[in-house]
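Visitor: Got a structure here, written out as structure tokens. Questions coming.
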Amino acid sequence: MHIFIDESGIFKRSSTRAWAVSCVGALTIPDEALHNVLNDFHMLKKGWGTEHVEIKGSDLNEKEIADTISLLSRYDVLFEVIGIDMQPHQDDWITNRKMLQARALTENLTDKHKQGLVEEVKAISRSLQGLTNQLYIQSEATFELIHRVIQK
């Protein structure tokens, strides 16, 4: 199984638009289909005149998107997306959620836990607290995406 994960958007509020949608997606391709999918996609890109260019989804036109979906529909692939509109989410709310989660990691640690484990969990908590809100939200979306992909 091969899982390809990518994100789109900036995972923060917009100062110029009424919406600020960001997403993270995963394309899961079984081992036995990977070679054929990659070859077919290479031929598709060649037909678009972009065979030596990394394709960004935002650069695709409607027909190219339809061609890609048609190609993938011939195989037993899974595509899962987590999306979020950041516009309704205040920065203070995100910071509070992040800090609550960081504190929750350490709140049940006691002297009965191995010291190495305690130090590692505290380091993870500090790392989480140090994330920008933008990266925190992106990581939350990515973890939820991975969870859903594994469940399916």
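The values are calculated or read from the model by the stated rules, or taken from the named source; none is laboratory data. Note that this is a predicted model, so its numbers are computed, not measured. Cβ placement follows ideal geometry from the backbone for every residue including glycine, while neighbour counts extend to all protein chains displayed. Calculation scope for accessible area: heavy atoms of the full protein, side chains included, ligands and nucleic acids excluded. Shrake-Rupley method; radii C 1.70, N 1.55, O 1.52, S 1.80 Å.
Visitor: Show the residue pairs meeting these rules: Cβ distance below 7 Å; 6+ apart or different chains; first residue within region 77-91 and under 26 Å from Leu34 (Cβ atoms); second residue acidic (Asp, Glu) and open to solvent by 40 Å² or more (accessible area, probe 1.4 Å).
Guide: Close Cβ pairs satisfying both conditions: Ile82/Glu144.
Visitor: Being hydroxyl-bearing (Ser, Thr, Tyr), within 24 Å of Glu7 (Cα to Cα), exposed (fewer than 14 other Cβ atoms within 10 Å of the Cβ) and in contact with a helix residue (DSSP H, G or I) (Cβ under 9 Å, 6 or more places away or on another chain): is that true of Ser139 here?
Guide: Criteria not met by Ser139.
Visitor: List the residue pairs whose Cβ atoms are under 8 Å apart, where the first residue sits in region 97-111 and is under 13 Å from Ser127 (Cα atoms), the second is not in a helix (DSSP H, G or I), and the two are 6 or more positions apart or on different chains.
Guide: Lys98/Leu131
Visitor: Next question. Kindly indicate which of Ile10, Ile29 is open to solvent by 60 Å² or more (accessible area, probe 1.4 Å), touching a residue at least 40 places away in the same chain (Cβ under 8 Å), touching a strand residue (DSSP E or B) at 6+ places or on another chain (Cβ under 7 Å) and of a type outside the set (Gly, Ala, Ser).
Guide: The unique qualifying residue is Ile10.
Visitor: If Glu62 satisfies every condition in (1) over 26 Å from Phe143 (Cα atoms); (2) surrounded by 10 or more Cβ atoms within 10 Å (Cβ to Cβ) but one, which is the exception?
Guide: The failed condition is (2).
Visitor: Residues to consider are Glu144, Glu107; find the one that is under 24 Å from Val81 (Cβ atoms) and modelled with pLDDT of 95 or more.
Guide: Glu144
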